[in-house]
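The values are calculated or read from the model by the stated rules, or taken from the named source; none is laboratory data. Model, not experiment: these values are computed from the prediction. Note that each Cβ is placed from the backbone with ideal geometry, even for glycine, and that neighbours are counted across all protein chains shown.
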């Protein structure tokens, strides 16, 4: 697939359930102009230039719709600020690329990013892992290929000619893995799928299937589980037809421009969150058990896969 430029063109809003979402329709093998729907309901966003007042910014990549994650992550950044004795501003963007660019130029000092965005960012300009979340005793997740409950699709061989919802061009579970999976079948995803739809969050990908906008979606297993816990009806409305091998979980990273002393302070606070009542409450809201040091080599297999996909895509 050709490298996707970030282009925002206003069109008529599309209702996905009760959410106003941002969707990019990328037609495989066609010359159709991409359609991007602007997300009007996101919180106020900070500028993309470094702060000159010494303030700290923490970005959250849109793994889940911004309006869903804002309240919990606002409590999280408030907690960090109280322990650092410096206000921490929460920053949200519509795409993983935008968050990566802010890390590159130092416009944010820290971010919770997707595994794929971390691997690409680290390869291009360098990132430091501060800590990783642990959920149910594990620091891993899966890419799930899901369809509607009544879909005739039974396995990945049935996906040819179908419309697939993908979360973001830098998403591991929502882009790189499904591309790797299809290429492993000896197929070109650009010709294999009839259409690729970028929804820019995993919950929106799920709803694209529910609304009949896509036949299939590739989503993060943790977001899938979270959404089903929020609405049990989703569990009976969607069906998993494929589960990937485990991947290292989405990390909290620091820009290489962030002072090392600040990185160490934030790491210390994160690793100790589970030891006080307020920290435990926020972790519970985020569905995180605690923050831990990343196990050695946890991203190596994923890095190899992503760089392989990018090499193939860049060779055309």
If you scan region 100-124, which residues turn out to be out of contact with any strand residue (DSSP E or B) (no Cβ under 9 Å at 6 or more places or on another chain) and surrounded by fewer than 24 Cβ atoms within 10 Å (Cβ to Cβ)? 101, 123, 124
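Considering region 148-158 alone, what residues qualify as being farther than 25 Å from residue 62 by Cβ and crowded, with 16+ Cβ neighbours inside 10 Å?
Applying the first criterion (farther than 25 Å from residue 62 by Cβ) to region 148-158 yields 149-158.
Scanning region 148-158 gives 151, 153, 156.
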If I filter region 245-264 for residues that are free of Cβ contacts under 8 Å to residues at least 12 places away in the same chain, part of a helix (DSSP H, G or I) and surrounded by 13 or more Cβ atoms within 10 Å (Cβ to Cβ), do I get at least one hit? no
Report yes if some residue within region 186-199 is outside the structural domain of residue 286 (by TED's automatic domain parsing), touching a strand residue (DSSP E or B) at 6+ places or on another chain (Cβ under 8 Å) and within 20 Å of residue 233 (Cα to Cα); otherwise report no. no
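For region 152-169, what are the residues that are assigned to a loop (DSSP other than H, G, I, E, B) and within 14 Å of residue 242 (Cα to Cα)?
First, the residues of region 152-169 that are assigned to a loop (DSSP other than H, G, I, E, B): 152-155, 160-162, 167-169.
Result: 153, 154, 155.
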Can residue 147 be described as in contact with a helix residue (DSSP H, G or I) (Cβ under 8 Å, 6 or more places away or on another chain), within 20 Å of residue 207 (Cα to Cα) and modelled with pLDDT of 95 or more? yes
Condition broken by residue 123, with the remaining ones in (1) over 28 Å from residue 289 (Cα atoms); (2) outside the structural domain of residue 63 (by TED's automatic domain parsing); (3) assigned to a helix (DSSP H, G or I) satisfied: (2)
